[in-house]
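Remarks on the structure that follows.
The values are calculated or read from the model by the stated rules, or taken from the named source; none is laboratory data. Only a predicted model underlies this, so the values are computations on that prediction, with no experimental measurement involved. Cβ atoms come from the backbone with ideal geometry, glycine included; neighbour counts cover every protein chain shown. Quick note on the areas: whole protein, heavy atoms, side chains included, nothing else; ligands and nucleic acids left out. Shrake-Rupley method; radii C 1.70, N 1.55, O 1.52, S 1.80 Å.
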Amino acid sequence: LSRAVQNEDSEIRILALESLSRLGLKATIPLFITALKDPNRMVSIAASNILIRTGKEAVPVLIEDLKQVEFEQRAQIIEILGKIGDISATPALVPHIKEEEVVVRLATALALARIGDKGAISLILQGIKDNKIYFGQNGDSVPRLKKFLSDKVQKVPSSLLLKQGSTKIGIEEIT
């Protein structure tokens, strides 16, 4: 199967990744991370989804890879860590909120928002205030802070920072 991951046919690569994921072996996680760089977008998406499904078990390997990859893949790994939602990833993510590359800063902000660590939320809000993190091509899509939601539980609903949903969804998140 590990040879099939390198097959020239992208559909075979995807099938091989899915088959390897069903084995549930921690040793296969680096193969999925390598597949994130696949030139075929569908293979990369499949690898990303597998890593998200793998969950907390993939977090240490993903964090280690953050130190070794270019900014595009760093942003992708950060997005995966956010979707996994394991709070143990927060200390590894926080330094990336100040990276030079905007795409990495935004991916970090969204990942930290998904994870929901209260300490990290203040870093995101400061980045937005300092215009180091912005949403939309010109920063014209910065989400509005709904203080009545954040005051209630001392947490900013992730939908607020993800610019999704409505007040109703935000209330549902915190209750």
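Which ³J(HN,Hα) values, rounded to whole Hz and listed in residue order, are derived for region 69-83 from phi using the Karplus coefficients 6.51, -1.76 and 1.60 in 6.51 cos²θ - 1.76 cosθ + 1.60 with θ = phi - 60°, glycine and proline given as x?
Here the 3J(HN,Hα) series is 10, 5, 4, 4, 6, 4, 4, 5, 5, 4, 4, 4, 4, x, 6 Hz.
For the full complex of protein chains and a 1.4 angstrom probe, list 3, 114, 13 by accessible area with the highest value first. Working shown, then result.
Values: 3 205, 114 85, 13 25 Å².
Ranked from most to least accessible, the order is 3, 114, 13.
Percent of accessible area on region 63-116 owned by carbon and sulfur, 1.4 Å probe? Show your work: numbers first, answer last.
Details: 1220 of 2410 Å².
Accessible surface attributable to carbon and sulfur in region 63-116 totals 51 percent.
Anything over 20 Å Cα to Cα? Flag those among 98/129; 56/83; 56/98; 37/98, in the order listed.
Numbers: 98/129 13 Å; 56/83 11 Å; 56/98 25 Å; 37/98 24 Å.
56/98; 37/98, as the Cα separations exceed 20 Å there.
Tell me, Kirkwood radius of region 10-142 from alpha-carbon pair distances, in Å? Numbers along the way, then the final one.
On the way: mean 1/r = 0.0657 Å⁻¹.
Its Kirkwood hydrodynamic radius stands at 15.2 Å.
Could you work out how much longer the chain between residue 37 and residue 130 gets when fully extended? Use 0.36 nm per residue separation minus the Cα distance between them, nm to one decimal. Could the numbers behind the result be given before it?
On the way: separation 93, 0.36 × 93 = 33.48 nm, distance 3.23 nm.
Here the segment from residue 37 to residue 130 would lengthen by 30.3 nm.
Note down the nm distance, to one decimal, between modelled labels 7 Å out along Cα→Cβ at residue 67 and at residue 94.
Roughly 1.8 nm, to one decimal.
Run the simple label-point estimate for residue 122 and residue 27 please: 7 Å along Cα→C-beta, distance reported in nm.
4.6
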